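All remarks here apply to the structure that follows.
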Amino acid sequence: MSEKKTINDAVSKRYEHGFVSDVAADTFAPGLNEDVIRRLSAVKNEPEFMLNWRLKAYRKWCTMKMKTWASLNIEPIDYQAISYYSAPKTQDGPKSLDEVDPELLRTYDRLGIPLYEQKMLAGVAVDAVFDSVSIATTFKDKLKEAGVIFCSFSEALQEHPELVEKYMGTVIPVGDNFFACLNSAVFTDGSFVYVPRGVKCPMELSTYFRINAANTGQFERTLIIAEPGASVSYLEGCTAPMRDENQLHAAVVELVALPDSNIKYSTVQNWYPGDENGKGGIYNFVTKRAVAHERAKVSWTQIETGSAITWKYPSVTLRGDDSVGEFYSVALTSNCQQADTGTKMIHLGKRTKSTIISKGISAMKGQNNYRGRVKVGPMAEGARNYTQCDSLLLSDTCGAHTFPYVDVANATAKVEHEASTSKIADEQLFYLGQRGIREEEAVSLVVNGFCREVFDQLPMEFAVEAQKLLEISLEDSIG
Amino acid sequence: MLTIKNLHAEVEGKKILKGLNFSAKPGQVHAIMGPNGSGKSTFATVLAGKEDYEVTDGSVVYKDTNLLELSPHERAHLGLFLAFQYPVAIPGLSNINFLKTAVNTIRKHQGKDPVDAYDFLAQAKALAMRVGLGESFLSRGLNDEFSGGEKKRNEIMQMLMLNPSLCILDETDSGLDIDALKTVAAGVNAHRSPDHIIVVVTHYQRLLDYIVPDFVHVLIDGAIVKTGDAQLAKELEKKGYQWLMESAGGGA
Ligand SMILES: Nc1ncnc2c1ncn2[C@@H]1O[C@H](COP(=O)(O)OP(=O)(O)OP(=O)(O)O)[C@@H](O)[C@H]1O
Ligand SMILES: [Mg+2]
């Protein structure tokens, strides 16, 4: 029996990670042009192909417009007002933790990232991204032994440029969409994972992202490659300090699952969602996509509780025969948050299979949209998809909407869709209350129950964290 | 000691309890019988404190405390337990997780430490067996897709786990097969103690063959119109309620 830790006295916590740490940052003046991109690439001492790639992306981006079809209210973003590079002062990278700015370490402590003693996440390698430069990586040796490469994207560009060049952009082309294109031009750092043929990665890989310096857009780039027969589980967690202005976040994540490999990618997001009026939250536009080759399996699990605006559709292109794609999602919106999330499953290979489980929770004035596309190509004999979208409404002023798009070009394919919308019943709260459980905790229990299918997909320590985040995010959301 | 005087209550403007008087002492078992729609479940629900049930008159005092001022969870902390006629399902909330939360909440209120997870699991497994539910029920969603009888067994299991001092069992015997009935009755009898008040609402005298009550009350049209001993239940079985309705005629 998998017993997930219960949430205790929920709800009355303020956002705990809302603070700004005082690290002197080395920051570019705001603005974006080719020169900025050249400087960025030079500062990072990148190989030439990278600079050319960035410039190509930038030129393409200048011709693009932001799509408006996601049903979100978005204030126009001034891209010239953003600074595209900021690095903590310790430029050359610390050799040990003693060299790390103690202020940074305190920041991590408050975020609950245990750098000294990894008691909590024992067995988990943490590659912490602080603003734009990776400052600490642990468990490297153990991974090295297995032949696994897990490092910052910048480091990968120095140490393994041929791998980066070979795979970068193969899943998400430069001009795929407005934000991915911008990311391609100006990305600063992120994570790189390479698991060699037949290797099962010996530990869960984890990265914590954090936005810190004011007005610094974050443009992470993550690339994960699983060679044939390899398997890896990657955890991404995000928190951000409180801000007055909306901050832009436009990440790109590419997963390459070669034949018979297995990639599990889990995200728990805890960005400041903005105050009751929606002011001060994070704009989160993320492009995440995987390609699954023959018999490979890719699984996306995401818990979204933060951000003023989330726009995110982790997708799987099921290219190889018998490949499998999964998407498990919990999205909670409260205050004035808007979430437009979902997934795309593109079935190209024969007997490809996909499963989509989406749980949307809306509270206060939150708006939650599920947008899913299931596409079955003409060659995808016997492809199967199962989609389940459930919405839970916690107030009378919130909303949930589902937009399933199904596009089937092969008659042997089976596509199933189920959807439900519910409210927490007074009877449920009364039942729990009668058993001594106070109302706030009762709400948490019902909401957690609603999300259980998704939580069960998370690694244990993340599942506990996810429930805690949900609990914090439910604050003031009752009624 | 539970003392209820002249209780009047309404739901959505409809008057349902109309001057109900009732009292019980620790150690006693009371049975409440009465026709469909007479207000038995309403009575139980009002005692447990459901919000939309408005008490318009009267008093309810338990352990020298005015129950009517307390919210449902506070009443539970005071020892009140209601086995629901129709237990609600909470999908995805595992039975065991729910039970542990309930037990720990009550322990916290009593100033005790949370239960040891290992001991608790062992205890829960033993209790599940005792009420005839397999271990698999512990990890299933609370009452989620349980059969009618399984829900009732689960209510009894919770009662035994939480060890409340004032139990109201609302038709816990309805819809049970004969073995389940014996199991439930055995659970209730095991819970009988000089410290506990047990109130069983039932339509069937056969339950009272297994749980012999100290008192039997007849509730008609929102008030208790007759009180007797176990013999009264047998009489009702033969005669029905008509004769009492007539005497209660024009009541309240
Ligand atoms: N929420 C409600 N709104 C309106 N009327 C209600 C509500 N709840 C109960 N009633 C009415 O109150 C009366 C008493 O109902 P109650 O459920 O207490 O009866 P009961 O004695 O438990 O019946 P049974 O033996 O069938 O369980 C019924 O007429 C019922 O229709
Ligand atoms: Mg009833």
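What follows is calculated from the coordinates using simple rules that are stated; it is not laboratory data. Since the structure is predicted, the reported quantities are computational estimates derived from the model, not experimental observations. Neighbour counts run over all protein chains shown; Cβ positions are idealised from the backbone, glycine included.
Before moving on, here are some points about what is shown:
- Each label was represented as a point 7 Å from its Cα along the Cα-to-Cβ direction; for A:R373 and B:H203 these points are 5.7 nm apart.
- With only Cα atoms counted, the range B:2-248 has Rg and Dmax values of 17.9, 57 Å.
- Calculated FRET efficiency, B:E51 to B:Y86, Cβ-Cβ distance, R0 = 22 Å: about 0.80 to the nearest 0.05.
- Amide H contacts of A:Y328 (H built 1.01 Å from N, in plane; Pro and chain starts excluded): A:W300, A:T301, A:Q302, A:I357 sit under 5 Å, all sequence-distant by 5 or more or on other chains.
- Sites A:R38 and A:R197, calculated FRET efficiency, Cβ-Cβ separation with R0 22 Å, nearest 0.05: 0.05
- Residues in the range A:402-415 carry Karplus couplings, in order, of 10, 10, x, 10, 10, 9, 10, 10, 9, 5, 8, 6, 10, 10 Hz; the curve used is 6.51 cos²θ - 1.76 cosθ + 1.60 with θ = phi - 60°, and Gly or Pro positions show x.
- Taken one residue at a time, the phi angles of the range A:310-315 give Karplus couplings (6.51, -1.76, 1.60, θ = phi - 60°) of 10, 9, 6, 9, x, 10 Hz. Gly and Pro are set to x.
- Cβ-based exposure ranking for B:W243, A:W311, in which fewest neighbours within 10 Å come first: B:W243, A:W311
- Chain B: most fluctuating residue of B:M159, B:M33, B:M129 per GNM, C-alpha cutoff 10 Å: B:M129
- The charge dipole of the range B:4-85, taken about the Cα centre with unit charges on the Cβ atoms of Lys, Arg (+1) and Asp, Glu (-1), comes to about 380 debye, rounded to the nearest 20.
- The phi torsions of the range B:172-181, fed into the Karplus equation with coefficients 6.51, -1.76 and 1.60 and a -60° offset, translate into couplings of 5, 8, 5, x, 9, 6, 5, 5, 4, 4 Hz, rounded to whole numbers, with Gly and Pro shown as x.
- In terms of surrounding Cβ atoms within a 10 Å radius of their Cβ, B:Y53, B:Y210 rank from fewest to most as B:Y210, B:Y53.
- Separation of the A:A411 and A:T355 label points, Cα + 7 Å toward Cβ, nm: 3.0 nm
- Partner shielding of B:96-107 amounts to 5, given as the average count of beta-carbon atoms from other chains within 10 Å of each residue beta-carbon.
- Angle of helix B:230-239 to the longest C-alpha principal axis of chain B, folded into 0 to 90 degrees and rounded to 10: 60°.
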